[in-house]
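Each remark here refers to the structure printed beneath this line.
The values are calculated or read from the model by the stated rules, or taken from the named source; none is laboratory data. Everything numeric in this text was worked out from a predicted model, so none of it was measured. Neighbour counts run over all protein chains shown; Cβ positions are idealised from the backbone, glycine included. The protein model used for the area step is the full one, side chains on, heavy atoms only, and it has no ligands, DNA or RNA in it. Shrake-Rupley method; radii C 1.70, N 1.55, O 1.52, S 1.80 Å.
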Amino acid sequence: SKGAKSSTSKLPSSGLAEAQGYEAKYLAFEAAAKRSERVCFDDVPFPATHILKDLVRTLDAPQQRKVVRTWSRRWHPDTWARYNLHDAYRAAIMDRVLTVSKDMNA
């Protein structure tokens, strides 16, 4: 294993700034969610639909597979069972997670 490097660490510069900005927001969310008592809807940095598709277009095939696998795991509904979702926002969060997951696979 090459360590826990970000999946965007070796990306070409086109579209990279937005992808890195999103990745940083997600990693900060993930760290905070592990420490947090409850995750609310506004805590989740849902990606804009175009970010993954634009990012993938800039990559070679091996990196495309790596990024798509990472995002597929990240946005798979079962992954969200590890987070303590606030009851008042659980349905809205899961609806949005499903939408992101479906958009990624469209």
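Scan segment 67-91 for residues that are surrounded by 14 or more Cβ atoms within 10 Å (Cβ to Cβ) and in a helix (DSSP H, G or I) and the total you get is 8. Considered as a group, the residues in segment 47-66 that are at pLDDT 85 or above and either surrounded by 15 or more Cβ atoms within 10 Å (Cβ to Cβ) or touching a strand residue (DSSP E or B) at 6+ places or on another chain (Cβ under 9 Å) (or both) include one that is farthest from Lys25 (Cα to Cα), and that residue is Gln63. Within the set of pairs 6 or more residues apart or between chains, which connect a residue that is within 13 Å of Val44 (Cβ to Cβ) inside segment 86-106 to a residue that is among the basic types (Lys, Arg) and in a loop (DSSP other than H, G, I, E, B) with Cβ atoms less than 7 Å apart? Going by the 7 Å Cβ cut-off, the qualifying pairs are His86/Arg38. Give me the residue from segment 30-59 that is among the polar types (S, T, N, Q) and in a loop (DSSP other than H, G, I, E, B) and, out of that set, nearest to Asn84 (Cα to Cα). Here the residue is Ser36.
Scanning segment 20-44 for residues that are open to solvent by less than 60 Å² (accessible area, probe 1.4 Å), under 18 Å from Asp95 (Cα atoms) and touching a strand residue (DSSP E or B) at 6+ places or on another chain (Cβ under 8 Å) yields one hit, Val39.
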